[in-house]
Amino acid sequence: MSQRLLEIDDLVVRYGPIVAVREVSVNVDRGEIVALLGANGAGKSTILNAVAGLVPAAAGRLVFEGEEIQRLPAEKIVRRGLALVPEGRRVFPKLSVIDNLRLGGVAQRDRSSLDAVRQQVLDLFPVLRERSGQAAGTLSGGQQQMLAIGRALMSSPSLLLLDEPSLGLAPIIVDEIFQLIVGLREQGTTIVLVEQNVHRALEISDRAYVIANGVVDREGPSAQLRASAEIERAYLGIGVSA
Amino acid sequence: MMVFAAAGQEAVQQAINALALGSTYALLALGLAMVFSVLGLVNFAHGELVAVSGYAMYLLHDAGLPFAVQVPAAIATGAIAALVMQRVVFRPLRGASFITLLISSFALSVLVQNGLRAIISPRQQGVPLPDFFNESVHLGPYVIGWLEIVTLASCVIALIVLTLFLRRSTQGLGMLAAAEDFQATRLMGISPNRVIAAAFAISGALAGLAAIFLVARRGTVDPGMGFMPLLSAFIAVVIGGLGSLSGAVVGGFVLAAIEVTLDATLPGSVQPFREAFALGIVVVILYFRPEGLLTRVSEAK
Ligand SMILES: Nc1ncnc2c1ncn2[C@@H]1O[C@H](COP(=O)(O)OP(=O)(O)OP(=O)(O)O)[C@@H](O)[C@H]1O
Ligand SMILES: [Mg+2]
């Protein structure tokens with residue numbers, strides 16, 4: 001089994017005349033947590049959405065587990081073990097917690113493991129078990145984020161893409177989410193993390209890419225990037241706003 | 001005393017009429033809402049699904065086949081016609097604007113109507129039903145037509161089966177999910193083409209079922225027969241809240257209750273304006289609940 005799990009090669013994504021991502025290359029090895037950082041509108045979500053198949057790649061290659069996936073639709077990609085937790089959580093608000101999880105299980109390749117996987121997810125998020133019959137829309141923001149992550153885990157993905165999982169959550173819940181991400185990696189899930197919370201993301205990730213205006217502006221081990229945190233902060237343009 | 005009993009009896013019979021009529025509207029409204037919730041398309045050609053299902057009954061009757069064959073044929077015709085519509089007309093228009101879709105479905109409606117005129121006949125055709133439907137049962141003081149009983153029972157069964165399908169099966173759950181967030185549903189590994197095809201097939205089958213009862217009521221078919229039911233279904237959907245499935249069903253019953261009540265209470269001289277009165281009441285409902293009866297204000301986008 002090769003070390004390389006995902007390879008993004010010169011990815012270009014356009015929205016009509018707007019080029020949102022131009023020739024971005026990102027590599028992810030098995031077992032890593034890779035962070036994608038950058039200011040609002042830099043193109044981070046666009047990169048994740050292109051990898052997950054929600055938006056088409058105008059050029060470039062996406063290689064997952066050694067196979068090109070840039071022409072596959074989203075519904076086929078997730079069945080190969082690449083799950084996206086989209087920005088804004090996107091749980092199905094009128095459906096119950098358990099039905100949201102059932103839908104996450106549609107892409108599970110090992111059908112016989114579904115019950116066991118559901119139990120694991122509910123063990124991971126006891127609050128979801130307590131509220132299993134409740135409509136997802138009635139959960140708090142943090143609980144919805146847990147549901148969105150739990151739903152993605154129902155397909156036992158080898159690669160999990162997380163788009164701003166801490167957005168809009170109380171600090172204590174943010175801690176919980178970051179601990180969870182570390183825990184998932186320990187259990188063998190590889191993670192690509194898009195975050196505005198640069199500090200925390202650099203703490204838990206192995207490597208990071210800084211995206212600015214649709215290109216990779218710099219990349220390196222997170223420890224290194226963290227060392228110049230102060231500069232980064234000004235550089236990323238969040239020192240003023242956050 | 002006698003007068004009082006007669007009035008009570010009248011009211012019960014009106015209520016049963018309203019339920020039977022409402023359940024037919026509910027089937028049509030549910031089909032419209034289903035396609036709208038998944039695709040954002042208001043399908044004007046939904047009425048033509050009723051018409052082709054009605055014509056399937058007529059042709060089979062003409063060929064000497066019994067009612068027992070006409071019933072499943074009407075439902076199957078509705079479902080297949082809806083699938084053909086989606087594959088031939090709506091699928092190539094995927095991603096087109098709301099207005100483009102609306103106009104296309106309107107054009108499709110006209111096309112099918114004219115097709116029926118050209119191929120079969122512009123005139124009404126009789127489709128006599130089994131005599132059974134003209135008979136009534138006496139329950140104590142009440143006289144209830146078999147047609148109303150069968151209509152109501154069939155529609156209720158259809159609604160229960162559909163609810164179970166949507167809630168219990170993965171396929172059905174995928175449709176509910178797609179109605180809420182189409183892209184997120186794709187992220188679950190659910191094919192949009194299958195969800196859309198299923199929504200059309202179900203809406204068509206429901207239209208076929210409704211057609212059976214509409215034909216039974218009228219005893220005839222004609223190329224434009226789908227228009228008035230479509231209009232009612234559309235109003236029902238609006239009353240219930242555009243895109244809400246349970247709202248569509250409730251809207252169907254509410255509209256039927258309004259119509260039947262007006263039928264029974266309006267003096268003969270204003271009866272021709274019944275439709276206008278009904279629409280007036282709908283406008284009043286929407287004035288107070290602009291998002292429809294079943295949509296909470298907080299849910300409104
Ligand atoms: N659906 C769309 N249609 C047109 N332009 C879009 C669309 N989605 C994103 N864009 C544009 O593409 C660029 C990149 O957006 P993207 O959402 O990928 O940024 P981001 O880094 O995720 O930002 P944020 O931190 O705000 O989530 C932005 O200029 C944005 O305006
Ligand atoms: Mg984003």
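Matching residues to (1) farther than 18 Å from residue B:187 by Cα; (2) hydrophobic (A, V, I, L, M, F, W, C):
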residue	(1), (2)
A:100	no, no
A:107	no, yes
A:110	no, no
A:119	yes, no
A:126	yes, no
A:139	yes, yes
A:150	no, no
A:153	no, yes
A:156	no, no
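Can you tell which of B:163, B:185 is within 10 Å of chain A (Cβ to nearest Cβ) and out of contact with any strand residue (DSSP E or B) (no Cβ under 9 Å at 6 or more places or on another chain)?
So the residue among B:163, B:185 that is within 10 Å of chain A (Cβ to nearest Cβ) and out of contact with any strand residue (DSSP E or B) (no Cβ under 9 Å at 6 or more places or on another chain) is B:185.
Mind checking which residues of segment A:33-60 are of a type outside the set (A, V, I, L, M), more than 6 Å from ligand 1 (Cβ to nearest atom) and surrounded by 22 or more Cβ atoms within 10 Å (Cβ to Cβ)?
Passing the criteria: A:49, A:53.
Being hydrophobic (A, V, I, L, M, F, W, C) and within 7 Å of another protein chain (Cβ to nearest Cβ) is the filter; apply it to segment A:76-101 and report the residue that is farthest from residue A:31 (Cα to Cα).
A:95
If I filter segment A:83-99 for residues that are in contact with a Lys or Arg (Cβ under 9 Å, 6 or more places away or on another chain), of a type in the set (Val, Ile, Thr), under 23 Å from residue A:164 (Cβ atoms) and assigned to a helix (DSSP H, G or I), do I get at least one hit?
There is at least one residue in segment A:83-99 that is in contact with a Lys or Arg (Cβ under 9 Å, 6 or more places away or on another chain), of a type in the set (Val, Ile, Thr), under 23 Å from residue A:164 (Cβ atoms) and assigned to a helix (DSSP H, G or I).
Out of A:87, A:75, report the one residue that is acidic (Asp, Glu) and either in contact with a Leu (Cβ under 7 Å, 6 or more places away or on another chain) or away from ligand 2 (no atom under 16 Å from the Cβ) (or both).
Of A:87, A:75, the one residue that is acidic (Asp, Glu) and either in contact with a Leu (Cβ under 7 Å, 6 or more places away or on another chain) or away from ligand 2 (no atom under 16 Å from the Cβ) (or both) is A:75.
Select from segment A:32-54 the residues that are among the hydrophobic types (A, V, I, L, M, F, W, C) and away from ligand 2 (no atom under 12 Å from the Cβ) and list them in ascending order.
A:33, A:34, A:35, A:50, A:51, A:52, A:54
Here's the yes/no breakdown for (1) away from chain A (no Cβ under 14 Å); (2) without any contact (Cβ under 8 Å) to a residue 40 or more places away in the chain; (3) crowded, with 16+ Cβ neighbours inside 10 Å:
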{"site": "B:139", "(1), (2), (3)": "yes, yes, no"}
{"site": "B:148", "(1), (2), (3)": "yes, no, yes"}
{"site": "B:189", "(1), (2), (3)": "no, yes, yes"}
{"site": "B:205", "(1), (2), (3)": "yes, no, yes"}
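Restricting the search to segment A:15-32, which residues are part of a strand (DSSP E or B) and either under 21 Å from residue A:63 (Cα atoms) or more than 7 Å from ligand 1 (Cβ to nearest atom) (or both)? Write out each step before concluding.
In the first step, residues of segment A:15-32 are kept if they are part of a strand (DSSP E or B); the result is A:15, A:18-29.
Those that are part of a strand (DSSP E or B) and either under 21 Å from residue A:63 (Cα atoms) or more than 7 Å from ligand 1 (Cβ to nearest atom) (or both): A:19, A:20, A:21, A:22, A:23, A:24, A:25, A:26, A:27, A:28, A:29.
Out of segment A:2-21, which residues are surrounded by fewer than 16 Cβ atoms within 10 Å (Cβ to Cβ) and either basic (Lys, Arg) or at positive phi (or both)?
A:4, A:10, A:16
Output yes when any residue across segment A:121-135 is in contact with a strand residue (DSSP E or B) (Cβ under 9 Å, 6 or more places away or on another chain), in a helix (DSSP H, G or I) and more than 16 Å from ligand 1 (Cβ to nearest atom), and no when none is. Step through it out loud before you land on a result.
Kept after step one, since they are in contact with a strand residue (DSSP E or B) (Cβ under 9 Å, 6 or more places away or on another chain), are these residues of segment A:121-135: A:131-135.
Now restrict to residues that are in a helix (DSSP H, G or I): none.
Checked against the condition, which is being in contact with a strand residue (DSSP E or B) (Cβ under 9 Å, 6 or more places away or on another chain), in a helix (DSSP H, G or I) and more than 16 Å from ligand 1 (Cβ to nearest atom), segment A:121-135 yields no hits at all.
Here is a check on your reading of the model: is residue A:141 within 16 Å of ligand 1 (Cβ to nearest atom) and of a type in the set (Gly, Ala, Ser)?
no
If residue B:172 satisfies every condition in (1) buried (at least 20 other Cβ atoms within 10 Å of the Cβ); (2) within 14 Å of chain A (Cβ to nearest Cβ); (3) under 30 Å from residue B:290 (Cα atoms) but one, which is the exception?
For residue B:172, the failing item is (1).
With the checklist (1) more than 16 Å from ligand 1 (Cβ to nearest atom); (2) at pLDDT 95 or above in hand, flag the one item residue A:94 doesn't pass.
Unmet for residue A:94, out of (1) more than 16 Å from ligand 1 (Cβ to nearest atom); (2) at pLDDT 95 or above: (2).
From the set of residues in segment A:52-75 that are touching a residue at least 60 places away in the same chain (Cβ under 8 Å) and part of a loop (DSSP other than H, G, I, E, B), which is farthest from residue B:190 (Cα to Cα)?
A:66
When you scan segment A:136-146, do you find a residue that is among the aliphatic types (A, V, I, L, M) and more than 14 Å from every other protein chain (Cβ to nearest Cβ), even just one?
Checking segment A:136-146: at least one residue is among the aliphatic types (A, V, I, L, M) and more than 14 Å from every other protein chain (Cβ to nearest Cβ).
Checking the structure you have, find out if any residue of segment B:44-55 is over 25 Å from residue B:261 (Cα atoms), in contact with a Phe, Trp or Tyr (Cβ under 6 Å, 6 or more places away or on another chain) and assigned to a loop (DSSP other than H, G, I, E, B).
Checked against the condition, which is being over 25 Å from residue B:261 (Cα atoms), in contact with a Phe, Trp or Tyr (Cβ under 6 Å, 6 or more places away or on another chain) and assigned to a loop (DSSP other than H, G, I, E, B), segment B:44-55 yields at least one hit.
Return the pairs, sorted by first residue and then second, in which the second residue is assigned to a loop (DSSP other than H, G, I, E, B), the first residue lies in segment A:2-17 and is closer than 15 Å to residue A:34 by Cβ, the beta carbons are less than 7 Å apart, and the residues are 6+ apart or on different chains.
A:3/A:30; A:5/A:30; A:5/A:65; A:5/A:158; A:11/A:57
The values are calculated or read from the model by the stated rules, or taken from the named source; none is laboratory data. Bear in mind the structure is a predicted one, so any value in this text is a computation, not a measurement. Quick reminder, even Gly has a Cβ in these numbers, built from the backbone with ideal geometry, and neighbours come from all protein chains shown.
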